[in-house]
Amino acid sequence: MTTVSPHSRRGFTLIELMIIVAIIGLLSAIAIPNFMRYAARSKQTEAKSNLKAAFTTQRSQFQESDKYQTSVRVLNFSPERGNRYYYAFNAAPASVENRSAVNVVTATTDEAVSVDTFKYPGMNPAPPRSPFAPAWAANEGIAPAAVGVTGVCPDCNFLADATANIDNEAVGIDHWIVSSVDFTQVPVCGDPTSSQTPAGQPFNNYDDVACP
């Protein structure tokens with residue numbers, strides 16, 4: 001029978017344990033911020049998909065009646081509940097669809113959709129937008145002057161936007177815009193190479209994930 005020497009039954013020394021703890025701490029310091037950044041980035045898909053839907057419904061409205069609309073009800077624009085973004089079709093909405101209760105009641109005058117504060121009670125229902133000044137393509141109708149419909153239709157265009165604080169910082173905003181006309185703009189904060197934006201393509205004017 002083989003016997004095991006007591007000297008062979010050794011565990012970790014204190015130094016070895018400290019090295020292991022240090023390695024775990026280093027990996028956590030690298031992994032956790034990256035994970036939080038990835039989670040915040042995934043939330044941006046909401047804004048992109050809903051603004052694309054807004055563009056589609058606006059185009060359908062224009063084909064049917066030769067004009068764009070700002071009414072959420074007329075456009076039948078209804079993001080799925082649990083939205084983190086505030087969506088606006090007018091810079092100064094006549095009224096805003098309130099999503100702070102179990103049931104949502106939409107009025108004909110609603111020109112924006114609030115953040116779903118029923119699910120996210122700590123979030124701002126209407127975050128402020130980041131300033132933007134695109135260079136609009138020529139010969140495509142009256143260029144948008146602000147969020148909403150600009151010009152007399154059918155020689156008109158629209159601009160809609162979405163805003164949210166998706167990384168839960170005290171400051172900072174994630175801001176997206178979409179328009180019926182091509183434009184160029186370097187983001188206020190974000191990837192400086194993403195400046196060429198065709199009509200219907202959501203544009204991240206201020207990236208809350210990459211910027212403070």
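The values are calculated or read from the model by the stated rules, or taken from the named source; none is laboratory data. These figures come from a predicted structure and were not determined experimentally. Here the Cβ positions follow ideal geometry from the backbone for every residue, glycine too, while neighbour counts run over all protein chains shown.
Structural remarks
- With a requirement of 2 or more residues that are touching a residue at least 40 places away in the same chain (Cβ under 8 Å) and within 19 Å of the chain's Cα centre (by Cα), the strands (runs of 3 or more DSSP E) lying completely within the stretch 51-131 that satisfy it span 86-88, 110-113.
- Single residue of Pro212, Pro192 found to be part of a loop (DSSP other than H, G, I, E, B), touching a Gly at 6+ places or on another chain (Cβ under 8 Å) and not aliphatic (A, V, I, L, M): Pro212
- For Tyr85: the one exception among (1) at pLDDT 95 or above; (2) of a type in the set (Phe, Trp, Tyr); (3) loosely packed, with under 15 Cβ neighbours inside 10 Å: (3)
- Number of the condition not met by Val186 [criteria: (1) touching a Pro at 6+ places or on another chain (Cβ under 7 Å); (2) hydrophobic (A, V, I, L, M, F, W, C); (3) touching a residue at least 24 places away in the same chain (Cβ under 8 Å)]: (3)
Yes or no, residue by residue, for (1) on the phi > 0 side of the Ramachandran plot; (2) touching a strand residue (DSSP E or B) at 6+ places or on another chain (Cβ under 8 Å); (3) at pLDDT 65 or above; (4) surrounded by 10 or more Cβ atoms within 10 Å (Cβ to Cβ):
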position: Thr13; (1), (2), (3), (4): no, no, yes, no
position: Ala31; (1), (2), (3), (4): no, no, no, yes
position: Ser42; (1), (2), (3), (4): no, no, yes, yes
position: Gln58; (1), (2), (3), (4): no, yes, yes, yes
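- Among the conditions (1) in contact with a strand residue (DSSP E or B) (Cβ under 7 Å, 6 or more places away or on another chain); (2) at pLDDT 95 or above, Asn98 misses just one, which is (1).
- Scanning the stretch 168-189 for residues that are over 17 Å from Ala135 (Cα atoms), assigned to a loop (DSSP other than H, G, I, E, B) and touching a strand residue (DSSP E or B) at 6+ places or on another chain (Cβ under 7 Å) yields one hit, Ile173.
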